[in-house]
Amino acid sequence: MSDSGVPGSGLAKGLAVTLKTMTRRSTTQQYPDVAPDLPPRSRGVIALLAENCTVCMLCARECPDWCIYIDSHKEEVAVPGAARPRQRNVLDRFDIDFSLCMYCGICVEVCPFDALYWSPEFEYAEYDIRNLLHDKEHLGQWMATVPPPPAHDPNGEPSKEETTAARKAAAGSAPAAPPTRGRPDAGTEGARQ
């Protein structure tokens with residue numbers, strides 16, 4: 001029995017929905033000729049900004065499918081004034097095998113240096129499965145299709161950077177408290193007596 005107490009009212013509501021959709025014209029998206037309207041956060045392909053990659057290997061370690069392959073070498077960088085040269089990792093190979101990828105997005109989320117991005121591009125089908133292994137040059141080409149980040153919500157919480165900047169500006173404009181002499185708790189001693 002339904003909530004309204006009338007037997008069969010649920011069946012009547014269901015039939016009304018069916019009748020309403022039966023009377024509407026069906027719409028077919030003409031995909032190859034007309035590009036589909038994708039949601040703004042749709043996941044298509046992973047793009048790589050190679051300049052930001054520090055070869056920390058977090059994306060490859062966290063990938064549940066082990067479809068990310070990274071190779072690098074170390075280079076010495078001479079720093080003026082330093083006692084010895086520093087070393088930095090240089091990215092040699094960054095491949096993603098999209099035949100194995102399950103598009104979970106863990107690699108994009110764990111990247112601490114924003115080297116991986118989601119692109120809404122989805123038309124990269126291949127006739128041979130071996131061509132779904134995209135190298136760093138191919139992944140870098142997808143960066144042109146990455147949409148800009150959404151605007152900050154003016155009614156939401158301010159970002160950490162905005163909060164820190166506002167705090168520093170307030171601290172810089174506030175008068176500094178006079179320094180106390182002697183022990184730090186010397187002023188409270190008189191109040192205890």
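The values are calculated or read from the model by the stated rules, or taken from the named source; none is laboratory data. Note that this is a predicted model, so its numbers are computed, not measured. We place every Cβ from the backbone using ideal geometry, glycine too, and count neighbours over all the protein chains shown. Remember, those area values only see protein heavy atoms, side chains included, never the ligands or the DNA or RNA. Shrake-Rupley method; radii C 1.70, N 1.55, O 1.52, S 1.80 Å.
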- Query: Within the group Y69, Y103, which residue is among the hydroxyl-bearing types (S, T, Y) and modelled with pLDDT of 95 or more?
  - Reply: Y69
- Quick one: count up the residues across segment 152-193 that are at pLDDT below 80, assigned to a helix (DSSP H, G or I) and surrounded by 10 or more Cβ atoms within 10 Å (Cβ to Cβ). 3
- Query: Only one of these conditions is not met by E137: (1) open to solvent by 30 Å² or more (accessible area, probe 1.4 Å); (2) under 16 Å from the mean Cα position of the chain (by Cα); (3) under 15 Å from N52 (Cα atoms). Which number is it?
  - Reply: (2)
- Residue that is modelled with the highest pLDDT, among those in segment 1-26 that are among the charged types (D, E, K, R) and surrounded by fewer than 10 Cβ atoms within 10 Å (Cβ to Cβ): K20
- Matching residues in segment 113-151 - criterion: being of a type outside the set (D, E, K, R), touching a Leu at 6+ places or on another chain (Cβ under 7 Å) and either farther than 23 Å from P64 by Cβ or assigned to a loop (DSSP other than H, G, I, E, B) (or both): A115, P120, G140, M143
- Task: Could you please give the count of residues in segment 66-81 that are part of a loop (DSSP other than H, G, I, E, B) and over 30 Å from the mean Cα position of the chain (by Cα)?
- Result: 4
- Inspect all residues belonging to segment 48-65 and state whether any of them is crowded, with 16+ Cβ neighbours inside 10 Å, free of Cβ contacts under 8 Å to residues at least 60 places away in the same chain and part of a strand (DSSP E or B). no
- Message: Given (1) touching a Cys at 6+ places or on another chain (Cβ under 8 Å); (2) surrounded by 11 or more Cβ atoms within 10 Å (Cβ to Cβ), identify the lone condition not met by P112.
- Response: (2)
- Query: Quick one: which of R93, R43, R84 is under 20 Å from the mean Cα position of the chain (by Cα), open to solvent by 30 Å² or more (accessible area, probe 1.4 Å) and either more than 26 Å from N131 (Cβ to Cβ) or among the charged types (D, E, K, R) (or both)?
  - Reply: R43
- Across segment 12-39, which residue is farthest from S119 (Cα to Cα) among those that are in a helix (DSSP H, G or I) and of a type in the set (G, A, S)? A12
